[in-house]
Structure formats: structure tokens, C-alpha cells
Amino acid sequence: MSENDGDVAGQRRTSWCARAGAHIAELQSQINRIEAGGALSPADTEIANKARVQLDAARDALMGGWWARITGAAHDRAMSNIHEAEIEILRIMPEEELQWRGVRVLAQCMLHLHPNDLGLKRLGNELKQGYAPLTAKSRELAASTLHEAFRAEESERSRVRSFGHIVAFSIAIMTALAAAFMAWSFIDPEGVASKFCFQPEFRSRVCPIGVTPDGSDVLLVEFSGMLAAALAGTASLKKMRGTAGPYHIPALLLALRLPVGALSAVLGVLLISGEFIPGLTALDSDTQILAWAAVFGIVQESVTRALDKQGQLVLDNARAPERGFEAGPTVREVPRVGDTRKQTSAVEHSRSQGGGPDSDGGEGEE
């Protein structure tokens, strides 16, 4: 191996990539230190070699293309291999170092496994909810339970990434619809753009721009709706939290407001033009048309705010070690078998030991 074992810590601009690279370097140092001790059996040497392969795969994922990093696919591939390498290291770790790892393993499992999971219950009883050290006898139980916890964590991350793809696809569809309608108005102004003009009594026709229908009228209506939606969306920022992952959910939800606001303004003005809204049949000036377009652009907030709640729920379900302590009463608890009391000592001890290498609480950092 080369001097730095091919580590990629700090070689990429995104912060999550730098953190993952630094964690790979730390795991590689653990493998090197364990191998340098010279006490590995042939079977453990095979496990160490497999851990090296997994770390190499994680490095390759971090060095992938920009599209994989933006979509989060590189992050998921890297973390999957990092998790497997952590499990292999746990299996070959010297017994004197193994003892204090128990509480960290238990805390990680408590975050992602159901409290009634049989493996989690057995591990909690073996470690006496974090008060007893991890022994060589319980090593395989800890490794298999941690493996299940990592699988649950990866599923949580996959749901976050899938939700982000859905929102991005929605943005593309809404933007295409707004652009197509605007292009149609330029091609057929009398058939399309004229629907955004009004005929007040005893006055000439009124359009958003001038008195002759044109595609620019639709463009201005859509822009007014987008502007109003953007301003209304700033109010939702106070409830958004940043994230350490590359999934960009809050930013995508903010971007979704723009095409939705444009289409809401178009639909709203068309409803007024069609005399669908009782008591509102004609607008007297171009500023009134634009004002109502802005109003309908703000109305879309009632729809996108519900999506904000869904996005935050998806992010909250992607738990990580330093999360879960933000609202004390909601920390997962592991009931001991045959004991009605519930204890959270393992999680509390883990908090004092520091969080894990990666988190997924909110918006991607570039």
C-alpha cells in the first residue's frame, strides 16, 4: 500500500465527501494498527483483507462522477462499504480494545432497530444496558446486530434519496409545463395569450402588458407568480434544518415553489377570465391582473407547506448518532428481558463518548 493507503480525505469539495474520506482514513489506520500487532490468525487476516477491499470500494465511490455525488448515490455506496468495514474491524479487534466498544455498538443499534428486535434485546442484556463491557463471547452477537442496524440505516437513507428524486422530477415536470404554456402563448397569442386579457365596461381591452395579447403577457403572469411564491417560501426557512448529507431535500422543496407558483398564477388568472370565481368577473387594469397573479402565486404555499412537512418527516426518520438526543423523551429505549424498567444509559454514555462519523439530519453542504 502507498503511504496514505489511497485515502481521499479532503480531496473533494463537498463537506460530506471530506467527512466520509476522513472516516475511511481512520478505519484504515485501525486495520493497519491491528495488523501491525502481529496477533491475527489466518482467518482474521482474511477478514482484514476483506475490510481493505470494502474501504477501497468506498474510496472509489467518493471518487465517482459529479452526478453520483449530487444525487447521493456516491454517498450511499460509500457508506454501505464503510459500514461493512466497521463490522469486520469489530470482528478482529483485540479483546482489550473490544470492551469499551460495546456501548457505542449498542447506541447505534438502538437508533435504528425496533425496541422489540430480538438481537437488540439480547445485546442489551449482555451489556446490561451499557454498564457491562463487550466480551469476546458476545463479539459475534454485537457484529450481527450492528449489521442489521446498518441495514436499517441504509434503508432510511434510501428513502430520503428516493424522496429527493421525486421532488426533483416534480420540479422538472412543473417547469416543463410552465415553459410549454409560455411557448404556446408566443406561437398563438390570440388563442392563448388573449385569455389573460380582460374587457372592462366602456373601456378598451386590458392585458398584463398593453392592450394587444402577446406571449409576454403570459411570461409576466408566470413571473409574478414565481416571485410571490419565492417570497412566501422564505417564511418556511425558519422551520428548516440543515443536513450533513448530500440529499438537498429542503433546497429542492424551495425550488419546487417557483414552477408551482408560476402555474398557480396562470390557472388563477384563467379562472378569473372564465368567470369561475363568483363576484370576480373582470379586472380593470394591468396592475390588477399582476396583483391577482401574485395572490395565486402565494396560494400555492398551502400545497407546498404540506410537502415541507413530509420532507422533514423523511429526514427525521433518517437517524444518526448525534440526532435522537435533540428531544430527550423520544430517545429509543431498550426494555430488558424480564424487567419492566426501561433504561437509556447506553445512549447517554454514547453521547458522552461523542457521535458517529456521519449524520443525515438536513440539507446538503457543498
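The values are calculated or read from the model by the stated rules, or taken from the named source; none is laboratory data. Because the structure is predicted, anything quoted here is derived from the model rather than measured. Every residue, glycine as well, gets a Cβ built from its backbone with ideal geometry; the counts of neighbours run over all protein chains shown. What goes into the accessible areas is simple: the full protein's heavy atoms, side chains included, and nothing from ligands, DNA or RNA. Shrake-Rupley method; radii C 1.70, N 1.55, O 1.52, S 1.80 Å.
A few points about this structure:
- Looking at segment 251-366, the helices (runs of 4 or more DSSP H) lying wholly inside it that each contain 1 or more residues that are at pLDDT 50 or above sit at 286-299, 301-316.
- In the set (1) part of a loop (DSSP other than H, G, I, E, B); (2) open to solvent by 20 Å² or more (accessible area, probe 1.4 Å), the condition left unmet by R122 is number (1).
To keep it simple, each residue is scored yes or no on (1) of a type in the set (S, T, Y); (2) under 30 Å from M79 (Cβ atoms); (3) surrounded by 14 or more Cβ atoms within 10 Å (Cβ to Cβ); (4) within 25 Å of the chain's Cα centre (by Cα).
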residue: S204; (1), (2), (3), (4): yes, no, no, no
residue: C207; (1), (2), (3), (4): no, no, yes, no
residue: L219; (1), (2), (3), (4): no, no, yes, no
residue: M240; (1), (2), (3), (4): no, yes, yes, yes
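- Out of A68, A107, one residue alone is open to solvent by 10 Å² or more (accessible area, probe 1.4 Å) and among the aliphatic types (A, V, I, L, M). It is A68.
- The single condition among (1) touching a helix residue (DSSP H, G or I) at 6+ places or on another chain (Cβ under 7 Å); (2) modelled with pLDDT of 90 or more that L127 does not meet is (2).
A quick yes/no check of all residues on (1) farther than 25 Å from A152 by Cβ; (2) polar (S, T, N, Q); (3) modelled with pLDDT of 90 or more:
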site: E3; (1), (2), (3): yes, no, no
site: W16; (1), (2), (3): no, no, no
site: G37; (1), (2), (3): yes, no, no
site: A43; (1), (2), (3): yes, no, yes
site: A48; (1), (2), (3): yes, no, yes
site: Q54; (1), (2), (3): no, yes, yes
site: M63; (1), (2), (3): yes, no, no
site: T71; (1), (2), (3): no, yes, no
site: D76; (1), (2), (3): no, no, no
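- Condition met for L90 (on the phi < 0 side of the Ramachandran plot and open to solvent by less than 10 Å² (accessible area, probe 1.4 Å)): yes
- Residue that is nearest to the chain's Cα centre (by Cα), among those in segment 280-311 that are more than 19 Å from A265 (Cα to Cα) and open to solvent by less than 40 Å² (accessible area, probe 1.4 Å): G311
- Checking each residue in segment 26-61 for being surrounded by 14 or more Cβ atoms within 10 Å (Cβ to Cβ) and either of a type in the set (G, A, S) or not in a helix (DSSP H, G or I) (or both) picks out L40, A48, A51, A57, A58, A61.
Table: residues versus (1) on the phi > 0 side of the Ramachandran plot; (2) assigned to a helix (DSSP H, G or I); (3) open to solvent by less than 40 Å² (accessible area, probe 1.4 Å); (4) among the hydrophobic types (A, V, I, L, M, F, W, C).
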| position | (1), (2), (3), (4) |
| --- | --- |
| H165 | no, yes, no, no |
| A172 | no, yes, no, yes |
| A178 | no, yes, yes, yes |
| W184 | no, yes, no, yes |
| P200 | no, no, yes, no |
| G210 | yes, no, no, no |
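- Some residue of segment 304-312 being in contact with a Gly (Cβ under 8 Å, 6 or more places away or on another chain) and touching a residue at least 24 places away in the same chain (Cβ under 8 Å): yes
- Complete set of residues in segment 82-115 that are without any contact (Cβ under 8 Å) to a residue 12 or more places away in the chain and either closer than 12 Å to F150 by Cα or more than 23 Å from the chain's Cα centre (by Cα) (or both): E96, E97
- Answer residue from segment 188-247, given it is of a type in the set (S, T, N, Q) and touching a helix residue (DSSP H, G or I) at 6+ places or on another chain (Cβ under 7 Å) and is modelled with the highest pLDDT among those: S224
- Boolean, S158 is touching a helix residue (DSSP H, G or I) at 6+ places or on another chain (Cβ under 9 Å), of a type in the set (S, T, N, Q), surrounded by fewer than 19 Cβ atoms within 10 Å (Cβ to Cβ) and at pLDDT 90 or above: no
- Failed item in (1) over 30 Å from Q108 (Cβ atoms); (2) without any contact (Cβ under 8 Å) to a residue 24 or more places away in the chain, with I171 passing the rest: (2)
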